[in-house]
Structure formats: C-alpha cells, structure tokens
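Okay, so here's the structure we're looking at.
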C-alpha cells in the first residue's frame with residue numbers, strides 16, 4: 001500500500017476554522033455517518049466512491065489536485081482504501097485523518113449526529129456471533145453437519161484479518177438500513 005499524507009484531528013479542526021471551506025469526505029456507511037460524523041464532512045461510502053461522484057458531490061473539479069481532499073472513516077482502514085482507489089484514478093492531493101472519526105471523537109472535538117446506528121464492525125460481530133450460536137444449536141439439535149460451517153466462518157475471519165477485506169462487511173454495508181444518507185433535516189451536535 002502507498003503512503004499518504006495524514007493530518008491530526010486537531011490540525012484538521014484548526015484548518016476548518018481558519019478556512020471555513022475544506023473538502024472532507026467520510027467513506028463509512030450512511031448509517032455510521034448518521035450516528036456521528038465530523039461537522040462538514042460529506043458522506044460518500046467507499047463502495048460508491050469514484051472521481052466523478054466525488055467532484056459532483058463536492059461541487060469542485062479541482063479537489064484532490066489543486067485543492068486538498070481529506071478522507072475519514074471509522075479508524076482509518078477504509079479511508080486508506082479510498083485514497084488508494086483515488087490515487088489510481090489520478091487524484092493525489094489526499095490527506096487521511098489520523099485515527100479517523102474515532103480519533104476525532106476521542107480528542108473531544110464536536111461531531112454531528114442525525115440518528116443512532118450500530119457501526120459496521122459491530123454489525124459484523126453481531127452477525128458472526130449469531131451464525132456461530134445457530135450453527136452450534138442446530139449441530140446439537142438437528143444434524144452434526146451444521147458443525148462443519150464453523151471452521152468456514154473462522155477461515156473467513158482469518159482472511160479478513162490478513163487482507164483487511166471482509167465479505168460479510170461488504171454484504172452488510174449494502175443492506176437497506178445502511179443505505180439511507182439524507183439526514184440534513186435531523187442533524188444535532
């Protein structure tokens with residue numbers, strides 16, 4: 001993976017207060033964005049991120065080239081993936097928010113909320129936990145063959161940990177409750 005410039009939450013906050021117009025894109029799912037995001041961040045989920053959409057959504061064709069583009073996610077992994085994708089498309093003036101939105105909140109900087117949501121990572125944990133419990137339950141009550149799926153789930157977790165790509169997370173991210181993005185009328189600080 002390529003190295004990208006980073007910016008601390010405090011430095012980005014100061015920059016936003018000085019210039020009032022910075023281009024910050026949050027690449028988390030819409031549900032995560034609604035649960036709490038950096039004020040002024042625009043939501044473009046990682047799976048929808050493309051240069052055309054970026055420029056149309058931000059209303060600035062020079063962002064990422066003449067003007068810097070700042071990316072954030074929950075903790076930094078998806079923002080790194082977004083930066084890689086944009087770099088391959090020729091957008092190189094990109095900065096990653098160190099530690100993502102999680103670090104922003106831990107620093108005590110203000111966030112905006114427009115609803116409650118469970119983070120994508122927690123949704124994956126809930127689904128995997130439920131699958132394991134069901135496999136064990138059905139293995140004891142229905143047929144022992146249900147136990148065979150448990151190593152497959154474990155192998156999926158190992159692959160996700162090594163590659164930082166999780167098929168379960170991608171599947172959950174496209175669920176309807178994770179797709180609604182318009183929260184402009186219900187924002188609270």
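Normalised by the number of residues in the chain, what is the relative contact order in percent for Cα pairs under 8 Å and 6+ residues apart? All intermediate terms of the calculation are to be shown ahead of the outcome.
Details: 267 pairs, mean separation 51.2, N = 189.
RCO, the chain: 27 percent.
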Sum of -39500 (n - 2.57) over DSSP H runs of 4+, divided by residues of the chain (222 nm, nearest 500) | -14000 deg cm²/dmol
So what is the relative contact order of region 5-112, in percent, for Cα pairs below 8 Å that sit 6 or more residues apart?
-> 36
Which of 31, 41, 148 moves the most in a Gaussian network model of the chain with Cα springs under 10 Å?
-> 148
Relative contact order, percent, of region 9-70 when contacts are C-alpha pairs under 8 Å separated by at least 6 residues?
-> 35
Taking square-rooted eigenvalues a ≥ b ≥ c of the alpha carbon gyration tensor, is region 120-178 rounded, prolate or oblate, where a/c under 1.5 means rounded and, failing that, a/b exceeding b/c means prolate?
-> oblate
Correct choice for Rg/Rh (Cα atoms, Kirkwood Rh) that was computed from the model, options (1) 1.00; (2) 0.95; (3) 1.05 | (3)
per DSSP, antiparallel bridges as share of beta bridges in the chain, % nearest 5, sits at 20
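Bear in mind these aren't lab numbers, they're just calculated from the coordinates by the rules spelled out. What you are looking at is a predicted structure, and each value in this text was computed from that prediction instead of being measured.
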